[in-house]
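The values are calculated or read from the model by the stated rules, or taken from the named source; none is laboratory data. Predicted model, so just to flag it, every value in this text is computed and none were measured. Neighbour counts are summed over all protein chains in view; Cβ atoms, including those assigned to glycine, are modelled from backbone coordinates with ideal geometry.
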């Protein structure tokens with residue numbers, strides 16, 4: 001039994017070292033990059049229905065401007081960090097960029113509280129079971145995809161987007177950003 005402990009400690013130390021060597025989460029591969037974005041038709045959350053209708057269908061939005069799809073949840077702390085930034089960019093670039101929020105694995109009431117708390121005016125749809133997140137191969141929330149005007153996924157960003165990352169993402173779709 002005494003010989004077992006050094007081996008266990010060595011194994012745990014090796015696992016710890018390996019974990020520290022993991023790449024940036026954005027380096028995690030996405031099979032969608034370069035391919036057509038999975039289509040969806042999902043119910044819009046109540047605050048957006050007057051302007052957008054009952055449901056948002058991705059195929060109806062492709063073509064006129066790039067689309068930034070952001071998976072979020074009210075219980076996600078990093079989502080709270082990025083929500084004001086996404087709202088600011090939506091207000092500034094909405095004529096040249098569509099931002100669509102995908103609320104996943106959440107309750108509708110909590111999602112509505114989150115939207116009100118952050119004053120989010122970009123449309124968000126409700127996907128309580130996270131089915132679309134599975135279709136997009138997300139690793140968690142927040143996660144953001146940029147779709148070009150042809151409906152192809154150009155890039156994926158895992159984790160909360162910073163202003164610098166968001167600027168870089170939008171430049172890749174040809175938007176002039178400040």
With the checklist (1) in a loop (DSSP other than H, G, I, E, B); (2) surrounded by 15 or more Cβ atoms within 10 Å (Cβ to Cβ); (3) modelled with pLDDT of 95 or more in hand, flag the one item residue 177 doesn't pass.
(3)
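State whether one or more residues within region 93-116 are more than 21 Å from residue 42 (Cα to Cα) and out of contact with any strand residue (DSSP E or B) (no Cβ under 9 Å at 6 or more places or on another chain).
The first filter runs over region 93-116 and keeps only residues more than 21 Å from residue 42 (Cα to Cα), leaving 93, 95-96.
Next, from what is left, pick out any that are out of contact with any strand residue (DSSP E or B) (no Cβ under 9 Å at 6 or more places or on another chain): 95-96.
Yes, some residue in region 93-116 is more than 21 Å from residue 42 (Cα to Cα) and out of contact with any strand residue (DSSP E or B) (no Cβ under 9 Å at 6 or more places or on another chain).
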Among the residues of region 42-69, the number that are part of a loop (DSSP other than H, G, I, E, B) and buried (at least 16 other Cβ atoms within 10 Å of the Cβ) is 4
